[in-house]
1. What is the residue count in region 156-175 for residues that are of a type in the set (Val, Ile, Thr) and surrounded by fewer than 19 Cβ atoms within 10 Å (Cβ to Cβ)?
2. Hey, could you check region 123-151 for residues that are in contact with a helix residue (DSSP H, G or I) (Cβ under 6 Å, 6 or more places away or on another chain) and in a strand (DSSP E or B) and say which is nearest to ILE108 (Cα to Cα)?
3. PHE196 passes all but one of (1) surrounded by 24 or more Cβ atoms within 10 Å (Cβ to Cβ); (2) free of Cβ contacts under 8 Å to residues at least 60 places away in the same chain; which number fails?
4. Does VAL37 satisfy the condition of being touching a strand residue (DSSP E or B) at 6+ places or on another chain (Cβ under 6 Å), β-branched (Val, Ile, Thr) and more than 19 Å from CYS110 (Cα to Cα)?
5. Can you name the number of the only condition in (1) touching a Phe, Trp or Tyr at 6+ places or on another chain (Cβ under 9 Å); (2) at negative phi; (3) not assigned by TED's automatic domain parsing to the domain that holds ASN269 that ALA148 fails?
6. Only one of LEU240, LEU226, LEU184 is touching a Pro at 6+ places or on another chain (Cβ under 7 Å) and buried (at least 21 other Cβ atoms within 10 Å of the Cβ). Can you tell me which?
7. Consider TYR114 carefully, then state whether it is buried (at least 24 other Cβ atoms within 10 Å of the Cβ), at pLDDT 95 or above and part of a loop (DSSP other than H, G, I, E, B).
8. For region 37-77, what are the residues that are charged (D, E, K, R) and surrounded by 15 or more Cβ atoms within 10 Å (Cβ to Cβ)?
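The values are calculated or read from the model by the stated rules, or taken from the named source; none is laboratory data. These numbers were taken from a predicted model, which means no experiment stands behind them. No Cβ is skipped: glycine too gets one built from the backbone with ideal geometry, and neighbour counts run over all protein chains shown.
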Amino acid sequence: MPPQNLIEKIAQRFAVGLEAGHVVRAGDYLSIRPAYVMTHDNSGAVIPKFRSIGASKIANQYQPVFALDHDIQNQSPENLAKYAKIEAFAREMGIDFYPAGRGIGHQIMCEEGYAWPGTMVVASDSHSNMYGGLGCLGTPIVRTDAAAIWATGRTWWQVPPVAKVELTGKLSPGITGKDVIITLCGFFNKDEVLNFAIEFCGEGLSALPLEQRLTIANMTTEWGALVGLFPIDEITIDWLNKRADFIAKRGLARVASDKDAGGIHPRINQKRISELEIERLRADHDASYAKELVLELALVLVDRALMGGDGEGQAHRAGGHARRQRLRAGDELAGPGLPVLRFLDQRPRIGAAELHQEEAARAVRIVRRRAVHRAHMVDRD
């Protein structure tokens with residue numbers, strides 16, 4: 001088969017009705033049968049759409065997942081009645097149902113194994129991209145699509161153009177996955193990935209635990225992307241093994257799909273993990289991408305720090321979200337080829353950004369220019 005990227009490979013597996021020999025490419029319109037479709041509070045709006053098309057039975061009762069999570073603090077009679085109707089419909093149809101207070105729907109999809117590496121999962125929510133942190137092609141759909149999947153098991157999907165985002169180097173101490181995605185949003189802010197599917201790759205991935213990958217994938221939505229997909233690697237497998245151990249101690253989730261599993265978790269279990277280790281989908285080394293972007297993780301820097309006499313500082317990443325980080329006299333923050341920003345132990349409460357305002361501004365300009373230049377050099381649009 002001709003080379004494919006990971007998005008195309010997963011879409012190929014979950015497409016139905018393809019002509020013999022057809023190789024899925026970005027731009028193709030496909031009929032897809034996703035492994036799962038998640039709806040949350042908006043299940044209440046999907047139900048009448050489902051009934052309006054004359055449907056009375058779910059095509060595959062284990063394909064939909066309901067998770068109430070958006071308005072759980074609303075204890076009004078109207079909202080409680082809506083929740084009760086959603087639960088009653090789920091019980092009638094034998095659908096996996098997670099009540100208000102059980103957790104955020106996207107987290108449930110990951111932690112209960114619906115978002116499985118190498119599969120395609122959709123949800124009627126814009127942050128379905130989050131599943132990509134597990135190597136699962138997660139993408140959003142609208143409520144009408146959800147109703148169609150309930151009724152037929154299928155919907156349509158156009159494979160987006162695919163951008164490869166290479167993460168190189170290592171993160172500085174205290175920098176998180178959220179800093180990475182905010183930096184990407186800031187550096188590449190000219191709609192470079194609007195309505196794209198993103199594949200992350202590069203040596204920098206080894207420094208990103210799965211929780212950080214989920215954060216980055218989730219917020220590719222804010223970057224304008226439709227998919228944010230990480231590779232399936234040892235970090236993925238390790239997380240699944242730890243999750244399986246946790247579930248073995250906790251017990252099953254007490255949802256409809258448990259009844260056919262013989263007391264074993266129907267999705268996260270050692271058999272499936274072992275099969276995944278043997279057969280991991282990977283992008284072909286000569287796969288084609290619409291564009292390629294590169295971010296050196298060392299360039300993800302805090303932009304301001306207030307030093308105290310005891311060396312305790314408050315650091316702010318680009319975007320203004322504050323968090324705590326210890327900075328000692330003589331600490332440096334710099335990327336390859338960048339001016340060194342040295343935080344000096346001056347008098348208490350002196351702003352390092354004020355002491356080095358010119359150097360900091362120059363560093364940010366250089367970071368941005370280098371990142372955009374590197375993207376431009378490999379842009380294949």
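1. Looking only at that region, the number is 1.
2. GLY138
3. Against the list (1) surrounded by 24 or more Cβ atoms within 10 Å (Cβ to Cβ); (2) free of Cβ contacts under 8 Å to residues at least 60 places away in the same chain, PHE196 comes up short only on (2).
4. no
5. (3)
6. Working: LEU240 fails: touching a Pro at 6+ places or on another chain (Cβ under 7 Å); LEU184 fails: touching a Pro at 6+ places or on another chain (Cβ under 7 Å).
Checking each option against the conditions leaves just LEU226.
7. yes
8. Selection gives ASP41, LYS49, ASP69.
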